[in-house]
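The values are calculated or read from the model by the stated rules, or taken from the named source; none is laboratory data. Predicted, not measured: the structure shown is a model, and the values here were computed from it. Here the Cβ is made from the backbone with ideal geometry for all residues, glycine too, and neighbour counts use every protein chain on show. These area figures cover heavy atoms from the full protein model, side chains too; ligands, DNA and RNA do not enter into them. Shrake-Rupley method; radii C 1.70, N 1.55, O 1.52, S 1.80 Å.
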Amino acid sequence: MADNLLLRALQGQPKRLNLCNRHLDKLPKSIRRIESLCELNLKNNNLKKLPDELTYLLQLQMLHLGNNEFEDFPSILQHINSLQKLHMFGNKITDIHPSCLNGFRDLRFLNLNNNKLKTLPSEIGNLQNIEFLSLDNNEIQTLPVEICALSTLKELHAAGNQMTSLPLEFGYLTQLEKLFIQKNKIRELPEGIGKCYHLQVLDVAGNDLRIFPTEISSLPLKELHCEENPLLQHVPIHSLQEEEVLTLKEIVARFVLKEMRGRWSYLRRSIRHYPQLQDMLAQSSKCAVCGEAFLNTWLECVHFVDTKTMKIRNMNGKIPVRALLCSYTCFNSEGHEYYGVAFP
């Protein structure tokens with residue numbers, strides 16, 4: 001039956017061919033003769049493998065393999081250099097061999113929803129033109145740090161997995177506009193997410209979050225979904241401790257960081273000759289109360305940001321946002337709205 005369909009298609013050399021719902025368990029090798037194909041739909045069949053002849057389709061841009069029987073990511077796909085859009089949802093893929101992701105120089109869209117993936121290879125970072133990546137409803141526990149190298153990524157879906165965190169380098173995804181990671185086990189979002197300057201939609205519902213990163217309120221969010229998380233409640237507490245004893249390293253670091261603020265500072269000019277010291281001081285933070293810089297996080301607090309001030313259109317109320325303070329002196333000073341984090 002499939003051969004007859006292909007024979008009829010050959011007469012017109014179509015750009016689109018729909019073979020979905022045909023009970024196919026293999027794709028005829030004669031597919032190579034329809035060189036005009038730009039879109040091939042093989043959804044809802046029984047395919048487990050693809051013929052090598054598929055590489056003869058030099059104009060193929062969209063391939064739909066959703067709801068088939070693939071157990072492995074087809075390695076032949078990396079040789080279809082023209083491919084821009086690939087659907088592989090609803091299969092039985094448990095693993096992606098690293099070599100399978102060495103091609104795809106033009107791939108913009110990849111849907112791997114509803115498979116059995118536990119990990120992603122680091123070669124996921126080779127998809128240098130990817131804009132849409134969907135990994136919903138797999139068994140993924142961690143995302144490789146290389147995913148943060150996808151500088152063109154605009155939309156990432158990874159809901160319904162088993163992740164407990166995101167890579168610390170997540171802020172390198174500067175073009176990301178939508179992030180869907182609901183129904184995982186994420187306990188904390190990385191501080192770097194504040195550098196995702198184009199992020200408009202964030203869905204973290206159904207995780208284990210207690211607090212949001214420091215710069216969450218600076219993001220251009222239009223939608224924030226955070227229901228079904230054990231978020232901190234607005235219950236103020238105060239500290240009886242007046243001050244801590246700082247290490248010599250911390251005292252010197254704070255002095256250097258303060259001196260470097262001066263435009264004509266000698267230290268500011270001299271530190272250029274000590275790259276390791278530069279790297280260490282680059283990890284410093286700024287106190288939310290006094291504004292002074294410090295090297296280590298000495299006191300983690302929380303303040304509650306009204307979502308109206310963030311212009312989020314889908315929710316009302318306040319969300320807990322992390323704040324870093326340099327000392328108990330700042331924490332116990334009057335006139336601020338930063339509170340200690342009380343654990344049950």
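Listed by chain and number, the aspartates and glutamates placed with their C-alpha closer than 15 angstrom to that of LYS222 are GLU155, GLU177, ASP203, ASP306; residues fewer than eight positions away on the same chain are left out. Straight-line cross-link reach from LYS49 at under 27 Å between alpha-carbon atoms covers these lysines, not counting any fewer than eight positions away in the same chain: LYS15, LYS26, LYS29, LYS85, LYS92, LYS116, LYS118. Computed over segment 124-195, the convex hull of the alpha-carbon atoms projects to a mean area of 4.0 nm². Computed from the C-beta positions of GLU223 and ASN81 and an R0 of 35 Å, the FRET efficiency is 0.45 to the nearest 0.05.
So if we plug the beta-carbon distance of LYS116 and ARG22 into 1/(1 + (r/R0)^6) with R0 = 25 Å, what FRET efficiency do we get, rounded to 0.05? Calculated transfer efficiency: 0.50. Can you grab the distance from the C-alpha centre of segment 84-144 to the C-alpha centre of segment 150-212, Å, no decimals? With segment 84-144 and segment 150-212 each reduced to a Cα centre, they are spaced 17 Å.
How large is Rg/Rh for segment 205-314, to two decimals, with Cα atoms and a Kirkwood Rh? Dividing the radius of gyration by the Kirkwood radius yields 1.07.
Restricting the calculation to Cα atoms, segment 262-311 yields a radius of gyration followed by a Dmax of 15.9, 46 Å. Relative to the longest principal axis of the Cα atoms of the chain, helix 248-259 runs at roughly 90 degrees. Of all DSSP-defined beta bridges confined to the chain, some 30% are antiparallel rather than parallel. The orientation-averaged projection of the convex hull spanning the C-alpha atoms of segment 63-222 amounts to 8.2 square nanometres. FRET efficiency for the ASN102 to THR329 pair, using the beta carbon distance and R₀ = 51 Å, is estimated at 0.35.
Taking Cα atoms, how many degrees apart are the long axis of helix 2-12 and the longest axis of the chain, rounded to 10 and kept between 0 and 90? So the helix axis and the longest Cα principal axis differ by about 90 degrees. For LEU17, the accessible area of its heavy atoms, probed at 1.4 Å with every protein chain present, is near 20 square angstrom.
3J(HN,Hα) couplings calculated from phi for segment 275-282 with the Karplus curve 6.51 cos²θ - 1.76 cosθ + 1.60 (θ = phi - 60°) are, in sequence order, x, 5, 5, 4, 4, 5, 6, 5 Hz; Gly and Pro show x. Taking θ as phi - 60° and the Karplus parameters 6.51, -1.76 and 1.60, the scalar couplings of segment 172-187 work out to 6, 7, 6, 9, 5, 10, 9, 10, 10, 10, 5, 6, 10, 10, 6, 9 Hz in sequence order, x denoting glycine and proline. Near VAL305, the amide H atoms lying under 5 Å from its own belong to ILE319, VAL321; only residues 5 or more places off or on other chains count, and H is placed 1.01 Å from N. With viscosity 1.306 mPa s and temperature 10 °C, the Kirkwood radius over alpha carbon pairs of the chain converts through Stokes-Einstein to a diffusion coefficient of 68 µm²/s.
In the assembled protein chains, MET310 presents an accessible area of approximately 10 Å² (probe radius 1.4 Å).
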